[in-house]
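Just below is one structure, and these are the notes that go with it.
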Amino acid sequence: MPAFETLNFVQSLPFGRTLRFEVEGNRDVHMHYKSLFKTQSQSFPLDLISSRPGVNKSINLGAGIAALILLLIIGFCLIGYGQNPERFGQPLMVLTLLFLPPALIALWFFNASFTPALVFFRADDGDELFKIPQYPKDKAPLEQFAKALSDRIESIRYPGTLSHAEQVELYQKHLDFLLNESVLTQPEYDAAMARLEKRSSSGNVFKLI
């Protein structure tokens, strides 16, 4: 098989979070997410991904409403403090300090939701697989990575470039992925594996899909 250059894209997110994508060869996209409290990794077979990503912007109305309500409460507290600081000063200041952090967090999430995201979809049904925020600071490297990833997906020619053993391995990996994503039920997975075993000695494995 031809050698493929490894593709990498690393994005620094707010609150010390990191999103990293890596593509080795022409098999899988590996996505790694890391924060102060959580580390998560997931892989997506390349031939399950559409080579035509889209741009999506989903406004977080829940965060916006929460921020508005909390800021209104803080505003009423400040008004009450201004009218009678001697009587209400201490409890109102306590309430203000109590509601201010969640108000700022909700406001941040609402503002962050206006950032568009580059979305990669499943090739067969168009469902979303993963997305990458399009921050201005990452525009050039993200465009370069997305173009390289699309070209890598387009370069895949199955089954011509794969041996029969590689077809079997890749097909089983696809089944595992679909089972983990709850696209296939366990009985459907078992039935597909049974068909794979019957065709394991000869024939085009990809006709089973």
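The values are calculated or read from the model by the stated rules, or taken from the named source; none is laboratory data. Bear in mind that the values here come from a model prediction, so they are computed numbers and not experimental data. Using ideal geometry, Cβ is built from the backbone for each residue, glycine included, and neighbour counts are taken over all protein chains shown. Ligands, DNA and RNA are stripped out before the accessible areas are found, and what is left, the full protein with its side chains, is counted by its heavy atoms. Shrake-Rupley method; radii C 1.70, N 1.55, O 1.52, S 1.80 Å.
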- Message: Whole-Hz ³J(HN,Hα) for each residue in region 165-170, computed from phi via Karplus 6.51 cos²θ - 1.76 cosθ + 1.60 with θ = phi - 60°, x for glycine and proline: what do you get?
- Response: 4, 5, 4, 4, 4, 5
- Task: Could you do me a favour and compute the accessible area per residue for region 1-132, 1.4 Å probe, result in Å²?
- Result: 61
- Message: Using a 1.4 angstrom probe on the protein heavy atoms only, could you order Asp138, Asp176 from most to least accessible area?
- Response: Asp176, Asp138
- Message: Please give the charge dipole size of the chain, origin at the Cα centre, charges +1 on K and R Cβ atoms and -1 on D and E Cβ atoms. Round to the nearest 20 debye.
- Response: 460
- Task: Could you tell me whether the chain comes out rounded, prolate or oblate from its Cα gyration tensor? Rule is a ≥ b ≥ c as square roots of the eigenvalues, rounded for a/c under 1.5, then prolate if a/b exceeds b/c, otherwise oblate.
- Result: prolate
- What number comes out for the charge environment of Arg17, summing +1 per Lys or Arg and -1 per Asp or Glu over other residues with Cβ under 14 Å away? +2
- Query: Once both axes come from the Cα atoms, what is the angle between helix 139-154 and the longest principal axis of the chain, in degrees from 0 to 90, rounded to 10?
  - Reply: 30
- Task: Taking amide H positions as placed in the peptide plane 1.01 Å from N, state which residues far from Asp28 in sequence (5 or more) or on other chains have amide H under 5 Å from it.
- Result: Leu46
- Item | Folded to 0 to 90 degrees: helix 85-112 orientation relative to the chain principal axis, Cα | 20
